[in-house]
1. Of all beta bridges DSSP finds with both residues in the stretch C:238-359, what is the antiparallel percent, to the nearest 5?
2. Grab the other residues whose beta carbon is less than 12 angstrom from that of C:Cys643, score K and R as +1, D and E as -1, and report the net.
3. Below 27 Å, Cα to Cα, which lysines can C:Lys244 reach? Residues fewer than 8 away in the same chain don't count.
4. For the stretch C:54-193, just the Cα atoms, rotate onto the principal axes and tell me the three extents in Å, largest first.
5. With Rg and the Kirkwood Rh both taken from Cα atoms, where does Rg over Rh land for chain B?
6. Using a cut-off of 23 Å between alpha-carbon atoms, which lysines can reach A:Lys133, once sequence neighbours fewer than 8 places away in the same chain are excluded?
7. Please report the base-10 log of the normalised intensity I(q)/I(0) for the protein assembly as shown, using a Debye sum with one equal scatterer per alpha carbon and no solvent, at each q in 0.05, 0.09, 0.10 (1/Å).
8. Volume per residue, Å³, of the convex hull around the alpha-carbon atoms of the stretch C:163-232?
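Coordinate-derived values only; no laboratory data. For clarity, every value in this text was computed on a predicted model and none was experimentally measured. Cβ sites come from the backbone with ideal geometry, for glycine too, and all protein chains shown count toward neighbours.
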Amino acid sequence: MAMQMNGEVQLPAQREEVWARLNDTETLKACIPGCETLDKLSDTEFAAVATVKIGPVKARWRAKVMLSDLDPPNGYRISGEGEGGVAGFAKGGATVALAEKDGGTLMSYNVDAHIGGKLAQLGQRLVNGAAKKMADEFFANFAKAVSPPPPA
Amino acid sequence: MPAVSMTVNGKPATADVEPRTLLVQFLRENLRLTGTHVGCDTSQCGACVVHVDGKAVKSCTMLAIQAEGANVTTIEGLANGSQLHPMQEAFREHHGLQCGFCTPGMIMTAVDMVNRKGNELDDHTIREELEGNICRCTGYHNIVKAIAAGARSMGTGGARKAAE
Amino acid sequence: MSATGIGAPVRRKEDYRFITGKGQYTDDLTRPGQTYITFVRSPHAHARIRRIDASAAKGMPGVVAVLTGADLAADKVGSLICGWAITSKDGSPMKMAPHPAIANTKANHVGDPVAVVVAETQAQAKDAAEKVVVDYEVLPAVVDPAKAQAKSAPQIHEVAPGNTIYEWHLGDQKAVEAAFKGAKHVTRLDIVNNRLVPNAMEPRAAIAEYDAGNDSLTLWNTTQNPHVARLVISAFVGIAPEHKLRVIAPDVGGGFGSKIFIYPEEVVCLWAARKVNRPVKWVSERTEAFVADAHGRDHVTHAEMAFDGEGKILALRAKTIANLGAYMSTFSSSVPTYLYATLLSGQYEIPQIYCEVDAVYTNTVPVDAYRGAGRPEATFVVERLVEVGAREMQIDPADLRRRNFVKKFPHQTPVIMAYDAGDYNASLKKAMELADVKGFAKRKRESARAGKLRGLGYSTYIEACGIAPSQAVGSLGAGVGLWESAEVRVNPTGSVEVLTGCHQHGQGHETTFAQVVSDRLGIPIENVSVVHGDTDKVQFGMGTYGSRSGAVGISAIVKALDKVEAKAKKVASHLLEAAEADIVFENGQFKVAGTDKVAAFGDVALNAYIAHKFSGQELEPGLKEGSFYDPTNFTFPAGCHICEVEVDTETGQVEVVAWTAVDDFGKVINPMIVEGQVHGGIAQGVGQALLENTTYDTDGQLVTGSYMDYTMPRADNLPSFRVETTETLAPSNPLGIKGCGEAGAIASPAAVINAITDALGTEEIAMPATPAAVWAALQKVNQSRKAAE
């Protein structure tokens, strides 16, 4: 089953800085909720392991993460597909656009996702909320990562 | 593996279990008390209802280690030796069961219902109270009749109170 | 009538073990050294399997084996089959695709098994299953039967172009067209018969054990027909020769059809047990059952009924697309054909009927018989057409039915069936009295005062049970005969074991069958035990489904009892030193006619075994007789159900406020049990009409796959039922039994929808009539009313 959502977040950083961090393995790893490992396979491909719980289904996901439609520093598409074993599968992506605004960067995103198997069977009523929460969490984490550290 | 101890049907029961072991698994697999059934995996059907410290509990929603020290009664512990509990008698008398799979949970729920709601139960109350128990065979008609009759019979002088 | 004989509401013999928790269901059994198996299932509705990497799973703690479809194919394990051959209009055979127990190259529905893990414990098997990595190439899927035949639809099986299994028809198309041309009124309906999940409360389970010493296998299995399971697994799947395979069906917690079929899981357990040389146990989880147990119904139908100026039905025609899912399950092909179109005459004299049925593959769980199997679908079509026709022609719906009832028997319908006995007006009349139809207008006004809409709906249904005369079903494509067997074993002490080929999973055979024996032999019911469900104990039998156990199974017992009585008379004649012709059997005693010489049944039984009074040349010792009873006709239970509903206009909530059922089941052995069967059937039908729906999204994901989303009827969804009977005996079997197991589920959906549409004043409501659907329908009615003003 499919779901879609979108959002935007104002970041207190220059567009080039945001773009660089969007392409940085360590930043992505720190921002993806439940991410245990994120290994760079090439400039645009990563292998990830993440543990995610949606409703009654908790699974450790092995996922391929790909970057495409690269348009530095305006944005890209980040997509992934994962198999959660008996939990089913999830695949989806986000189109991320960066625009200069108010001295910082406005990052907007359109997320689409598909899930299947036990996850769709048991968790479908919860999955929209969970996916939204995960996307929000990711972009909130990311906003935090690109913000200047608070004064000591 | 942690050890767990509880009293089941009046007898002490102790075993080492994996922490994720559910109470129903402990009863069925460790103690071989297979009268408590598993009919779903989302805590909806009520086939696994037992009494923990006198209250009805879906034993699939509770870890065995959460029942540490508890007093558990299963369907096997409801009768007094060869004398059936009045609720068991009522289910037989009123044809409140067909395939028998949901029956242990139904009877344990019914006894709990009487303990909480008293001996005069109207149809509406019984039907609402059965929200957590699914039967696919009977259409509930005779279960409702059986519970009303069993409730009355539990209240009459000759009949015993619930096993706990 | 004795207290335990035919017609007595005897309390059930089997209940003691169930109410004390001593039932023995398959999951309650444990075999020494048993391992556990977990199925890795496809999360995709349609996907090519590129590669399976089991290496990580194999390294997990406790893992005994990881097996795939490739291993199954390498061992040449045969395909699962559908045992009823249907021929298309053009003469071509149905297109049955291979159904391997584990998918090898392609998964065709969410839940299709792609690998299994065998491990020491259930938890270990599940943990390791997480580690099986399957590389899928995801393919487009089709789930809607109405779209499966489109050119753009993905092709599921090579053997079935356009996903079409068969294009079948029954009846005289030209005669029907002519009748429609002469019609004064035509009623037209588009009907979706919603897909249902049977949901017996005991999930399916299997334990397979291999005995290497004897090279034999034993299977404990949740099956309604152990002998048929053994036959199919041996003759078609080829796991073991029939005499080297024992199938035991212990206590089974409900079936409703879903446990008739031979499924991948039991086949895999048997195969794996031999491979690992250990017992292998599988117990389905409920979530798993939703994608692994055959579903029911799922028809899309356009139907029309032609009437003359007096409301007499001239003809009926229907076009149905039946969704059979991703594979053809064991009896799937027969359900939308010979169990459906043959019942389209209902209780009515309809001169001409024509029905076309296309059966299609989709990327969904296989669909097969579910309580009623074809007959609820037929009843829904007929009873909706009649009700809507009456409303359109402004004739009272009961009156329209009466005008069209079959009144003379035997009655040959245009769709194969020959009704042999019935009195449809009697059940309608009695039901109308019990339901106080006369007082309905007053009740409707009272409801209106409370702001509620009240409606009343009839369903005068018929079904064909007593399944089935073997020669007849053979001519229609059945791969088996549908007789039943019985053996009556009288022990030397006079107690009796009845071995039956039927199987009970809630029906109470241990009681009703014993009543028949007790009644006939005059022995206490406690002295009779019923043995069933074990191929090593019981002679071949066909099992329990299609409301057949009374009409066919008991008839076999009666035939065996005839032989027992005849043999016992011979023994008694020696014991009483009288001519055999002078021996009469009355009230459990053998008497010499016209004398006071008497021998009790027990004395005769003992003498049959000690054999002191006769020589072996004259008479064989022993008292044990068997019978294979093949019915000469179907039986035709019929009746009238009346449903009364109240609709809350604010919320769309429908409450069933009264239910009256008057059924003619022929001879009733145990009225208490029969009533219980009717209650359960009605509940399932009300579930179909109001609550239950199986929803796939367009990707083929099952989104109503647990009790959180699939609405099972609960106690507070249902009323108490008023259930009574009328009686016309079935002439085709010795006791006149017709069968009662499915009637409720067959009658009730139409009664509910007829009541709701009566309340709402619109015919446009589909099943299930959920509050949302009813509310939406009400808004439409209100809008069009406003527009009209």
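1. Restricted to the stretch C:238-359, the bridges split so that about 55 percent are antiparallel.
2. Overall, the nearby charge balance is -4.
3. C:Lys76, C:Lys259, C:Lys275, C:Lys281, C:Lys537, C:Lys624
4. Its Cα atoms span 75, 29, 29 Å along the three principal axes.
5. Ratio value, two decimals: 0.97.
6. Result set, ordered by chain and number: A:Lys29, A:Lys53, A:Lys58, A:Lys64, A:Lys91, A:Lys118, A:Lys144.
7. For the requested q values the scattering log ratios are -0.35, -1.12, -1.35.
8. Hull volume over Cα atoms, normalised by residue count, gives 224 Å³.
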